[in-house]
Amino acid sequence: MTRRVRRYRGLVAAAVGLVAAGVATGTRTLMLAGVVPLAFVVQGALSSLDPLDGRVRAEREVRPEGPLPGQPVAVRLRVENVGESAIPDLRVVDGVPEELAVRDGDARGGAALRRGETLTVEYTLTADRGSYAFGPVDLRAESVGGTVVAEGSVEAEGAEGFDCRVEVDDVPLRRRATAFAGSRATDTGGAGVEFHATRDYRPGDPAGRIDWRRYAKTGALSTVEYREQRAARVAVVIDARDPAHVAAGEALPTGATLSAYAATLAVGVLRDDGHHVGVGALGTRDPITGRRPAWVPSDADGFPAHAAAVCNAAATGPDDAVPATEALADGRGGGDVDRLLGGLDPSAQVILCTPAVDDAVPDVVESARTGGHEVTVLAPDVTGTSVGGRVVALERSLRLDRLRRLGAAVVDWDREEELPTALARTLRAGTGGRR
């Protein structure tokens, strides 16, 4: 529905007041001064502005349509004058979801639109976990003199909202012909792709691995061995303790949410490469089994759904979350870290996903290193730009340096970056070259 508002009622009172004062006092100046607001009254009375109903068409585009937590979401709103006459001054405000904040650009704009012309508004949101719906586009038009205002709204065509999820299956996996071949090189020979050595032929060796070139030269049969590829055992651990549930600003993803996203990406990449991957979360219980800490072994039935439930619980911080002090190793096997690390295979590598905003994180890494586990830390940056945020950022930087001195490989993840490809490359390099 369109609402029309006339602004010149106050000018009528001003004109009447000045003229009345001039007549009462016999002052011509006051009487003439009343002519000025009277002119605006006359202009306002003669001005007209057609209602906005049916005159404006809006279309909204969102990219990407299914963002992941922390990912920028570009929104483009096009507003077209489809009426028969010009709109002298049109102001538009897009219906941004209340839970999200505009990080770049502006969700409002204005212009004079002739028939068929279009106004484009562009802005960027930061995705957080959840489902979001856009509201209608608010419209406000004014006549040339600004004395007549028409207000209304229109539903935008195109994107009505988007979903931002933390799901293991959200990360696309490339299918390979051989399942669970792995990509961790060893010092032993066998089937593989990289040359390792040759040995004397043994009955039953595949014909394809016989060194026929050497046989042609010497007449001796020999078998080629390649560097054997074995799947690594990897534990992906999410920091879901209380300190991780912090964000750089209002409506921005928390460190726990971004850590859960990093975990889903790591799980997808490593399972795609054939590794044995388990998923756990510090500071929260398993939403399916009730286990503390949450843990899904690589051979668990229904692994994708179970792992997704743990990632979601870590991202949201359930009401029955374990207090941060109880989630740490206490040296007597009573903490989450001791329980989780104690159940891992001695050869397992640990990928810790944490914003690294408190001094307990180095203790977790040190416990893992003491247990003989190689550690990679995926650390989303959730520090702000305020004075306090810069102080936290400095402390975090020193903390990451300490993690490196403990022997951990650290991926310092700036939330402004789109890192799936770079992160995948880092994970493959880290797990493929370790022994």
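The values are calculated or read from the model by the stated rules, or taken from the named source; none is laboratory data. Computed from a prediction, not measured in an experiment: that's the story for all the values here. Cβ coordinates were reconstructed from backbone atoms using ideal geometry, including for glycine residues, and neighbour counts include every protein chain displayed. All accessible areas refer to the heavy atoms of the entire protein, side chains included, with ligands and DNA or RNA removed. Shrake-Rupley method; radii C 1.70, N 1.55, O 1.52, S 1.80 Å.
General remarks:
- Considering residues of segment 334-347 that are open to solvent by 40 Å² or more (accessible area, probe 1.4 Å) and not in a loop (DSSP other than H, G, I, E, B) only, the residue farthest from SER259 (Cα to Cα): GLY342
- Checking each residue of segment 173-185 against the condition of being closer than 24 Å to ARG129 by Cβ and modelled with pLDDT under 80 gives at least one match.
- A single member of LEU427, LEU328, LEU400 is open to solvent by less than 70 Å² (accessible area, probe 1.4 Å), at pLDDT below 75 and under 17 Å from LEU258 (Cβ atoms), and it is LEU427.
- Among the strands (runs of 3 or more DSSP E) confined to segment 100-146, the ones with at least 1 residues that are farther than 25 Å from THR257 by Cα and not β-branched (Val, Ile, Thr) are located at 108-113, 118-126, 135-142.
- Scanning segment 206-223 for residues that are in a helix (DSSP H, G or I), in contact with an Asp or Glu (Cβ under 9 Å, 6 or more places away or on another chain) and either at pLDDT 80 or above or hydrophobic (A, V, I, L, M, F, W, C) (or both) yields a total of 0.
- The residues on offer are ALA321, ALA313, ALA281, ALA294, and the sole one that is at pLDDT 90 or above and touching a Ser or Thr at 6+ places or on another chain (Cβ under 6 Å) is ALA294.
- Criterion (open to solvent by less than 20 Å² (accessible area, probe 1.4 Å) and either of a type in the set (Val, Ile, Thr) or modelled with pLDDT of 90 or more (or both)) met by exactly one of VAL391, VAL382: VAL382
- For ALA112: the one exception among (1) closer than 20 Å to GLU155 by Cβ; (2) open to solvent by 20 Å² or more (accessible area, probe 1.4 Å): (1)
- Selection status of ASP106, at pLDDT 90 or above, in contact with a Leu (Cβ under 6 Å, 6 or more places away or on another chain) and more than 30 Å from THR264 (Cα to Cα): no
- Among residues of segment 261-316 being open to solvent by less than 10 Å² (accessible area, probe 1.4 Å) and among the hydroxyl-bearing types (Ser, Thr, Tyr), the one that is nearest to ALA240 (Cα to Cα) is THR284.
- Every residue from segment 348-370 that is outside any helix (DSSP H, G or I) and surrounded by fewer than 16 Cβ atoms within 10 Å (Cβ to Cβ): ASP359
- Residues in segment 107-116 include at least one that is more than 15 Å from VAL62 (Cα to Cα), of a type in the set (Gly, Ala, Ser) and touching a Lys or Arg at 6+ places or on another chain (Cβ under 7 Å).
- Residue count, segment 235-270 (criterion: of a type in the set (Val, Ile, Thr), assigned to a loop (DSSP other than H, G, I, E, B) and under 15 Å from LEU352 (Cα atoms)): 0
- Selection of first residues in segment 68-89 that are closer than 30 Å to ALA266 by Cβ and of second residues that are open to solvent by less than 10 Å² (accessible area, probe 1.4 Å) and at pLDDT 90 or above, restricted to Cβ pairs under 6 Å at least 6 apart or on distinct chains, gives the following pairs, ordered by first then second residue: VAL73/LEU125; VAL75/VAL62; VAL75/TYR123.
- Any hit, segment 263-284, residues being basic (Lys, Arg) and over 19 Å from GLY335 (Cβ atoms): yes
- Matching residues in segment 277-303 - criterion: being under 18 Å from ARG129 (Cα atoms) and either small (Gly, Ala, Ser) or not in a loop (DSSP other than H, G, I, E, B) (or both): ALA281
- Subset of segment 348-384 [polar (S, T, N, Q), over 21 Å from ALA260 (Cβ atoms) and touching a Gly at 6+ places or on another chain (Cβ under 8 Å)]: none
- When residues of segment 250-260 are limited to those that are at negative phi and among the aliphatic types (A, V, I, L, M), the one most open to solvent (accessible area, probe 1.4 Å): LEU252
- Residue pairs whose Cβ atoms lie under 8 Å apart, separated by 6 or more positions or on different chains, with the first residue in segment 351-370 and in contact (Cβ under 8 Å) with a residue 40 or more places away in the chain and closer than 12 Å to ALA408 by Cα and the second outside any helix (DSSP H, G or I) and open to solvent by 20 Å² or more (accessible area, probe 1.4 Å), are PRO362/LEU406; VAL364/LEU328; VAL364/ALA329; VAL365/LEU406; GLU366/LEU406.
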